[in-house]
Amino acid sequence: MSVERKEIAVMVTGVGAVIGCGIVEGLRTSGRPVKVLGVDRNPGCVGRDACDEFYPKPRVPEESEAYLDFWRGLADEADLVLPGIDEDVFYLDAHRGELTATRLGLNSRELIDLARDKWLQIAAAGEWAIPTVCEKDWEECVELLGPPPFLLKPRCGSGSRGIVRLENAGDLVRHADGFNMIQRIVGRDDCEFTVGMFGLGDGRSMAPLIFRRELSTSGHTRFAEVVDDDDVARAAVALGRCLQPVGPTNYQFRKDGARTWLLEINPRFSSTTAMRAAFGYNEVAMALGFYLDGQEPAASTIRKGRARRVAVDRVELEFDSRVDAGH
């Protein structure tokens with residue numbers, strides 16, 4: 001006689017954005033009975049329709065007790081919370097002690113702290129660190145980094161937001177604000193990779209899935225191809241051994257000739273979560289067993305292929321909105 005498994009209530013945040021939608025899709029294909037509880041600041045976001053229940057964030061400051069009370073209430077409803085945006089990762093990490101009624105699907109505090117400041121990531125990247133300096137005058141940048149162009153990057157931020165290409169001293173003057181870093185441009189756009197790895201907390205990680213990717217103007221992956229690349233895999237495994245991530249972790253690299261350079265580490269699910277699941281690497285399913293049951297995930301069978309992200313229109317017709325267009 002088969003035994004019916006208990007339904008798991010999983011809270012997914014940021015369901016109005018691509019990562020949150022990817023987490024929901026990963027839950028639906030996890031093979032486990034789940035009740036998806038969606039959270040987003042936009043009460044009309046499209047992602048709410050993919051959830052079984054939806055909770056809009058209150059319009060109150062995140063520093064307020066009312067906002068913390070909102071999360072306390074959610075914790076009582078969920079067996080597990082999986083954050084889909086950086087803001088929620090940082091908030092939940094800062095309030096682990098107040099949200100003990102549920103399991104939080106969070107990475108290690110140390111790695112989350114690295115994610116808050118890209119300058120700290122550069123310091124932790126070791127041999128894979130791109131030559132970078134904190135914001136300086138133009139002459140110092142050229143002296144330390146070589147000939148331009150350079151990239152100006154905010155020390156705090158995600159995706160490609162705030163990144164500016166610098167061709168000359170005038171560009172730096174226009175965009176400098178005292179809390180950026182300046183980086184040498186390495187490699188070509190077609191030599192960029194995004195790597196998904198599930199960390200076990202002791203320096204070991206599940207074998208990675210590596211995408212060669214192309215970016216959209218928003219900074220998200222628009223095209224991804226599953227590849228085998230020994231250099232990228234070696235760098236990701238070595239960084240995982242050093243940084244000891246816990247759960248879903250995303251590494252981004254560029255190759256320039258024989259060199260492999262680390263662009264960024266994200267201690268969370270990435271915008272390619274649903275793509276990875278489609279190729280057999282379901283980090284969301286791994287997270288269910290790992291965070292709820294303490295189970296080390298089984299090895300994934302990864303399929304080869306390519307994925308493209310496209311925009312589609314979502315149309316909702318009102319019942320009595322028909323208009324005779326024939327006259």
Among D230, D177, which is of a type outside the set (G, A, S), over 17 Å from the mean Cα position of the chain (by Cα), at pLDDT 95 or above and not assigned by TED's automatic domain parsing to the domain that holds I23? D230
Is one or more of the residues making up region 267-281 surrounded by fewer than 21 Cβ atoms within 10 Å (Cβ to Cβ), farther than 25 Å from I130 by Cα and aromatic (F, W, Y)? no
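In this structure, is A9 aliphatic (A, V, I, L, M), in contact (Cβ under 8 Å) with a residue 60 or more places away in the chain, more than 25 Å from S158 (Cα to Cα) and surrounded by fewer than 23 Cβ atoms within 10 Å (Cβ to Cβ)?
yes
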Any residue in region 308-319 that's within 10 Å of R222 (Cβ to Cβ) and surrounded by 10 or more Cβ atoms within 10 Å (Cβ to Cβ): show its pairings with residues that are of a type outside the set (K, R) and at pLDDT 80 or above at Cβ separation under 7 Å, as long as the two are six or more apart or on different chains. R308/F223; R309/T221
Pairs, please: C-beta under 8 Å, at least 6 apart or cross-chain, first residue in contact (Cβ under 8 Å) with a residue 40 or more places away in the chain and farther than 20 Å from P131 by Cα and in region 169-195, second in a helix (DSSP H, G or I) and not β-branched (V, I, T)? V195/A233; V195/A236
Count of residues meeting criterion [surrounded by 24 or more Cβ atoms within 10 Å (Cβ to Cβ) and in contact with a Gly (Cβ under 6 Å, 6 or more places away or on another chain)] in region 19-37: 3
Answer yes if at least one residue in region 59-77 is on the phi > 0 side of the Ramachandran plot and not charged (D, E, K, R), and no otherwise. no
Within region 154-171, which residues are within 14 Å of R184 (Cβ to Cβ) and buried (at least 17 other Cβ atoms within 10 Å of the Cβ)? L166
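Does T13 count as among the polar types (S, T, N, Q), touching an Asp or Glu at 6+ places or on another chain (Cβ under 7 Å), assigned by TED's automatic domain parsing to the domain that holds T100 and under 21 Å from R268 (Cβ atoms)? Show your work before the answer.
Details: among the polar types (S, T, N, Q): yes; touching an Asp or Glu at 6+ places or on another chain (Cβ under 7 Å): yes; assigned by TED's automatic domain parsing to the domain that holds T100: yes; under 21 Å from R268 (Cβ atoms): yes.
Judged against the criteria, T13 is a match.
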So A115, is it of a type in the set (A, V, I, L, M, F, W, C), at pLDDT below 95 and surrounded by fewer than 14 Cβ atoms within 10 Å (Cβ to Cβ): no
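In region 31-97, which strands (runs of 3 or more DSSP E) lie fully inside it and hold 1 or more residues that are more than 19 Å from the chain's Cα centre (by Cα)?
34-40, 53-56
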Taking region 137-153 on its own, how many of its residues are crowded, with 18+ Cβ neighbours inside 10 Å and more than 13 Å from N168 (Cα to Cα)? 2
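The values are calculated or read from the model by the stated rules, or taken from the named source; none is laboratory data. On a predicted model such as this, the values are computed, not experimentally measured, just so you know. No Cβ is skipped: glycine too gets one built from the backbone with ideal geometry, and neighbour counts run over all protein chains shown.
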